[in-house]
Amino acid sequence: MSDFLTARRKMVDGQVRPSDVTDNRIIDAMLALPREAFVPENQRALAYLDIDLNVSQSGAPKRYLIKPMVLAKMIQAAEIKCTDNVLVVGCATGYTAALVAKFAGRVTATESDSALAAKASGILATFGLGQVTVVAAAASDGAPANAPYDVIIMEGATEVVPEQLYRQLGPDGRLVGVFAMSRPQRATLITHSHADFGDRPLFDASVPVLPGLERPAAFVF
């Protein structure tokens, strides 16, 4: 246990703080939340490394916890308030949803792998995070039943414009994700104002594409 505590602090001090993450709510949440609890037991030694960590079950499509530094910077850019209704898209085992739940009002999390969604629900329940609802749904679908959202966080990249997610943003809503339509991939902030959407590149980032948000395959003659 002490090894994980040390690794957690090294993750924050060595990866997160040096990346201009200054929101103490994020730092405190990352220091408090045991990331190893969201990782398969045989991979827990990797829980705090600067990698996209595969947490999928054997034979299932690959799903990842994205790099801690990328995640922390995206959450900071979303400027989450304590009253915000937040959607986490592609939550995998629920780590991001658990972080955000520590300072958001309400959290809905979607996961396309229904077995993984059930696992995320179980893990979140052990931490008493009853304000998080996990829904088995495609990344492109979002969770319209709980919309509109003040914030949407995509835990993975998209190679297409996620139009259904845009439509679930409320007035002054913010969506943060990695957009991979071109190179380099960039974490981007999408803002909703009246009937229009604006975008602001945040930083270069490369993370796995979420299932269902891949670029359509080109037709080959």
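The values are calculated or read from the model by the stated rules, or taken from the named source; none is laboratory data. In this text the structure is predicted, and so the values were computed from the model without any measurement. Neighbour counts are summed over all protein chains in view; Cβ atoms, including those assigned to glycine, are modelled from backbone coordinates with ideal geometry. In case anyone asks, the SASA skips ligands and DNA or RNA and just uses the protein heavy atoms, side chains included. Shrake-Rupley method; radii C 1.70, N 1.55, O 1.52, S 1.80 Å.
Tell me the relative contact order for region 130-208 as a rounded percent, counting alpha carbon contacts under 8 Å between residues six or more apart.
Relative contact order comes out at 24 percent.
Accessible area per residue, 1.4 Å probe, Å², for the chain: what's the number? Don't jump to the answer; show the numbers that get you there.
Working: 10020 Å² over 221 residues.
With the other protein chains kept in place, the chain gives 45 Å² per residue.
Can you check what the net charge comes to around Met11, using other residues whose Cβ is under 15 Å from the Cβ of Met11 (Lys, Arg +1; Asp, Glu -1)?
On the way: positive: Arg8, Arg9, Lys10, Arg17, Arg35, Arg44, Lys67, Lys73; negative: Asp3, Asp13, Asp28, Glu36, Asp50, Asp52.
Taking every Cβ under 15 Å from that of Met11, the sum is +2.
In Å, what Kirkwood hydrodynamic radius results for region 1-108 from the alpha-carbon pair distances?
Details: mean 1/r = 0.0704 Å⁻¹.
With all distinct Cα pairs of region 1-108 included, I get 14.2 Å.
Indicate the gyration tensor shape class of region 70-156 (rounded, prolate or oblate), computed on the Cα atoms with a ≥ b ≥ c the square roots of the eigenvalues: a/c under 1.5 is rounded; otherwise a/b larger than b/c is prolate and the rest oblate.
Details: a/c = 1.42, a/b = 1.23, b/c = 1.15.
Cα axes put region 70-156 in the rounded bin.
Pairs of Cα atoms under 8 Å, at least six residues apart: use those to get the relative contact order of the chain, whole percent. Don't skip to the answer; put the middle values down first.
On the way: 461 pairs, mean separation 34.3, N = 221.
After rounding, I find 16 percent.
Can you pull the accessible area of Thr22 for me, 1.4 Å probe, Å² to the nearest 10?
110
What accessible area, in Å² to the nearest ten, does a 1.4 Å probe give for Lys73?
Counting only protein heavy atoms, Lys73 exposes about 50 Å² to solvent.
Of the labelled options (1) 17.1, 53; (2) 16.3, 58; (3) 20.0, 61, which one gives Rg and Dmax of the Cα atoms in Å as computed for this structure?
Computed from the coordinates, Rg and Dmax of the Cα atoms in Å corresponds to (2).
Show me the ranking of peptides 194-201, 54-61 by mean Cβ neighbours inside 10 Å, starting with the highest.
Numbers: 194-201: 9.5, 54-61: 12.0.
Taking the mean over residues of other Cβ atoms within 10 Å, the ranking is 54-61, 194-201.
What is the set of long-range amide H partners of Val209 at a cut-off below 5 Å, with H atoms built 1.01 Å from backbone N?
Amide H neighbours of Val209, under 5 Å, 5+ apart: Ala157.
Just to confirm a number: summing +1 for Lys and Arg and -1 for Asp and Glu over residues other than Ser206 whose beta-carbon lies under 12 angstrom from that of Ser206, what do you get?
On the way: positive: Lys67, Arg183, Arg186; negative: Asp52, Asp204.
Overall, the nearby charge balance is +1.
How far is it, in nm, from the label point at Ser19 to the one at Asn146 when both lie 7 Å from their Cα along the line to the Cβ?
2.4
Counting only protein heavy atoms and a 1.4 Å probe, tell me what percentage of the chain's accessible area is made up of carbon and sulfur. Intermediate results must be reported in sequence, preceding the final value.
Working: 5350 of 10020 Å².
Roughly 53 percent of what the probe reaches on the chain is carbon or sulfur.
I need the phi-derived Karplus couplings for region 104-113: 6.51 cos²θ - 1.76 cosθ + 1.60, θ = phi - 60°, integer Hz, Gly and Pro marked x.
Along region 104-113, the couplings run 9, x, 9, 10, 10, 10, 10, 8, 6, 8 Hz.
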